[in-house]
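All remarks here apply to the structure that follows.
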Amino acid sequence: MPLGMNIFPIVNANEITSEYKMYRIKGLNNAPDEFYSNCQYIIKKLSFDLRSPVTIIHPNGIAHLIVQTDCQPPASLSLVRTIAKFEEVQSLALDYTFRSPENDTIAQRFLDFAIQGKLYKRTDLWQPQAGKPFFEKEGTQLGGNLVLYRGFAIRSVITPSGSLGFCVDLTSKIVSDNPLPHYITQDKFEAYRNRTFVYRYGHQWYEVKLTALSDFHASEQPIDGTDKPLLEWVTDHSQKPIPQELADIPHDAAVGIYLNNQNQTRSVLTSLCYQVQRASDAAARKYHRKSIHKPYTRRQETIKFVKKHLQFIPFGKTPIQVSSKPFETEPKMFIVPDLLFGNNKVLSVRGTKGAVHTSLDALGRDRLSQLRDPQSGFYTQNALDRHYIVLPRSVAESSGQKFVADLTKEMSKLYPHPYQPNLVVYNDQVAKTYPKQGNAILEAVKKQCQQPGYAVVMIHRTKDQKNRQEDQLAAMVMRELRKDSIDIKATVIHTSVVRECYQEIRRSGNPAYEIRQDKKGKLSGYLRLVAINKILLNNERLPFILSSRLHADLTIGMDIKGNTVGFVVIGANGNEINTLFKTSRQKEKLNREQMKAYLVEIIRQEASIKHHPIRHIVLQRDGRLFDLEHEGIREAMLYLKEDEILPDEATITIIEISKSAPVRLRLFDIRHRDGRGPDVKNPQIGTYLLLTEKDAYLCSTGRAFRMQGTVRPLHVRHIEGPLSLENCLEDIFYLTCLPWTKPDGVMRNPITIKLIDRFLAEEATDYDDDALDIDAILDELEPEED
């Protein structure tokens, strides 16, 4: 069966032409730490000002600005800590059939701009923001006054044959069918502050995030640079005939305020604003399945969109012709590696002699079975260290005893040593706010936990936690308990599942708690996840490792969240895991000195405990690798060799792993049938595509695990190093076959990146330590009750 994808080739690339001017950019190197962000600002600023495609290329390491020949950039532009000057170098014709990094950057930028411009003019489509997917205005009515809009994300790409094409992917958005009212008070507006809305500006729709309610009404709100109020301005500038909803707006209707992408204040008529539903919103959650598309549906809807909107794209003298037949190629596939459990038991899909054999369809089930089998079990089987369970009083004195007993029973199924936790109870009968609950937990732990160890802490969802905000109570608990004065490595669970799954009964006339009959399945899965994730993995007990060796001797995963950088280091068999976390003044990236220092620290420590020389290192960067980080890696390797920590032949291969993208490339298993439409299914786990010499896609999830929607391949980019892209991809696939957090499931990201995400959720979430101190002081000042 061929491997299909959602890439549609351009069939007349040899006929289309463009001309552009190249300008050398001077001044960027005066602020090296801001080099990348300044480049992005130049592209964004000039694209907006010139209303034309603009990009930057770096031939021979020198930054050059690219604009179309009919555009003229300014002589200079103020940037962060420097001023850029543009000196014209030459004018060139663009060849869309020639492949090189610089030429591809220019060609793709020009093509993306052209297709965005063409679709933006269509009145039957709307776009939330520039560069975002286009949605059809005809939506599907859902219950609860909600509408599901179908959209399509589009980007130019290099096809597997080396030609240019467009990647097109289906997406969706749920929006309220009822607009905000004509009249709204400041008190009522608070429910909508910082929420996103589709603003129907006549026949043009786009998204805004409302930040304030104006003191002026629709016939008073001034518009900068004009003497007309908002209502008159919108009516004048809307395509005629105007929609009825605009014609019906009263003169004194309410006005909302938002910031555009230039950070400028703009105003909107509230009664043209339709609220966008987030996936976490209760109203939209029950309709989430409506936005999940099976492979056949996704492929067919994408082909329909291409036929309707992308067959001919105006482009100078010669329109771009796009094929309606998506690209297909021969499939390639990695085989799932053998897995090593306790007592040297091996689970194999490959049919390895002496191993326990399984199939792809049964892999998840058999991984869990091996963990529960006393003849195999966890790979790490030494006795557990001291452990505490910290419960709120309201749970401890109700369903808590039954919960601890059920959790202990689940632990006995998974681990050969007895689980005997120490129970700690804190007074949660105070306000359900972060400071009150946090101080109650800290006070109880300091009094009742006299020795270091590990803990599971059960907490409430606090009422001062805003929607979609990260849980600062959980972050505080984990980080405060880990401090030297307490020295407890804690994980957090919440009260919600326990409250949902247990009910009070009478047994022999006495009160007791038992599991609700309709919640037994949910609680069983929850207890297993708590046992594995919150207890055993927190105690560094590994369920299984690779029996098949990686190509790299040492794999280092790296990611940055906010001001915290995390590294996870893993050995050639998925064992010997170490972590390093550091805080940085910079957000989302490191400078050269930081990168060098952290890498030297990591590799020096690894070399000191390894019995064999480290020759092949792979660095997996979650997201984009910045130029200064790249320089720091090179300097670290030179230092480590000069200091004889690494042998002279040691190398490092750098790859980027992108978990998200403006447009997702999809892969499909396709079986063409005579006289009928194709049979389209998800590809099997391990399927991969080498798109170019630098870009590859890996299906770490797939058909064997019976996904309801369409798989999302992982995008891997080879930056530099001697280990081939294919070998790096195979290592990544092997590391995705270590789903320790859910052994019977499947994992999209390699365990290196998965663990970093988990640790950074704890390490990088901000919590207000001042609020804890203030709350404690206020309690001391209040008189005690009689």
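The values are calculated or read from the model by the stated rules, or taken from the named source; none is laboratory data. What you are looking at is a predicted structure, and each value in this text was computed from that prediction instead of being measured. In this analysis, Cβ positions are derived from the backbone assuming ideal geometry, glycine residues included, and neighbour counts consider all displayed protein chains. What goes into the accessible areas is simple: the full protein's heavy atoms, side chains included, and nothing from ligands, DNA or RNA. Shrake-Rupley method; radii C 1.70, N 1.55, O 1.52, S 1.80 Å.
Where helices (runs of 4 or more DSSP H) sit wholly within segment 207-317, those with at least 2 residues that are open to solvent by 20 Å² or more (accessible area, probe 1.4 Å) and basic (K, R) occupy 295-309. Set side by side, the residues Q381, Q370 differ, and just one is among the polar types (S, T, N, Q) and touching a helix residue (DSSP H, G or I) at 6+ places or on another chain (Cβ under 7 Å), which is Q381. Between K596, K587, the distinction of being in contact with a helix residue (DSSP H, G or I) (Cβ under 7 Å, 6 or more places away or on another chain) and under 21 Å from E629 (Cα atoms) belongs to K596 only.
Residues in segment 515-528 that are open to solvent by 70 Å² or more (accessible area, probe 1.4 Å) and part of a helix (DSSP H, G or I) were compared, and the one that is nearest to L368 (Cα to Cα) is K522. Of all residues in segment 50-77, those satisfying the criterion of being in a strand (DSSP E or B) and within 33 Å of the chain's Cα centre (by Cα) are V54, T55, I56, I57, H64, L65, I66, V67. Every residue in segment 650-683 that is farther than 30 Å from E606 by Cα and within 23 Å of the chain's Cα centre (by Cα), please. Scanning segment 650-683 gives S660, A661, P662, V663, R664, L665, R666, L667, F668, N682, P683. For K21, the criteria (1) over 30 Å from K681 (Cβ atoms); (2) in contact with a helix residue (DSSP H, G or I) (Cβ under 9 Å, 6 or more places away or on another chain); (3) modelled with pLDDT of 95 or more hold in every case but one, which is (2). For first residues located in segment 358-375 and modelled with pLDDT under 95, partners that are open to solvent by 60 Å² or more (accessible area, probe 1.4 Å) and assigned to a helix (DSSP H, G or I) and lie 6+ apart or on another chain with Cβ distances below 6 Å form the pairs R372/K413.
Among the residues of segment 496-512, those that are surrounded by fewer than 19 Cβ atoms within 10 Å (Cβ to Cβ) and touching a residue at least 40 places away in the same chain (Cβ under 8 Å) comprise R499, E504, A512.
For segment 68-118, residues that are β-branched (V, I, T), open to solvent by less than 30 Å² (accessible area, probe 1.4 Å) and closer than 20 Å to P319 by Cα total 2. All but one of (1) surrounded by fewer than 18 Cβ atoms within 10 Å (Cβ to Cβ); (2) touching a helix residue (DSSP H, G or I) at 6+ places or on another chain (Cβ under 8 Å); (3) of a type in the set (K, R) hold for R666; which doesn't? Looking at each condition in turn, R666 falls short on (1). Among the residues making up segment 737-763, those that are closer than 23 Å to I654 by Cα, in a helix (DSSP H, G or I) and open to solvent by 10 Å² or more (accessible area, probe 1.4 Å) are K754, L755, D757, R758, F759. Regarding T123, is this residue open to solvent by 70 Å² or more (accessible area, probe 1.4 Å), in a loop (DSSP other than H, G, I, E, B) and closer than 27 Å to R717 by Cβ? No.
In segment 565-598, of all residues being under 20 Å from Y36 (Cβ atoms) and touching a strand residue (DSSP E or B) at 6+ places or on another chain (Cβ under 8 Å), the one that is surrounded by the fewest Cβ atoms within 10 Å (Cβ to Cβ) corresponds to K587.
Selection within segment 219-257: residues that are small (G, A, S) and touching a residue at least 24 places away in the same chain (Cβ under 8 Å). The member of this set that is farthest from Y199 (Cα to Cα) is S219.
Scanning segment 382-431 for residues that are among the β-branched types (V, I, T) and in contact (Cβ under 8 Å) with a residue 60 or more places away in the chain gives I389, V390, V395.
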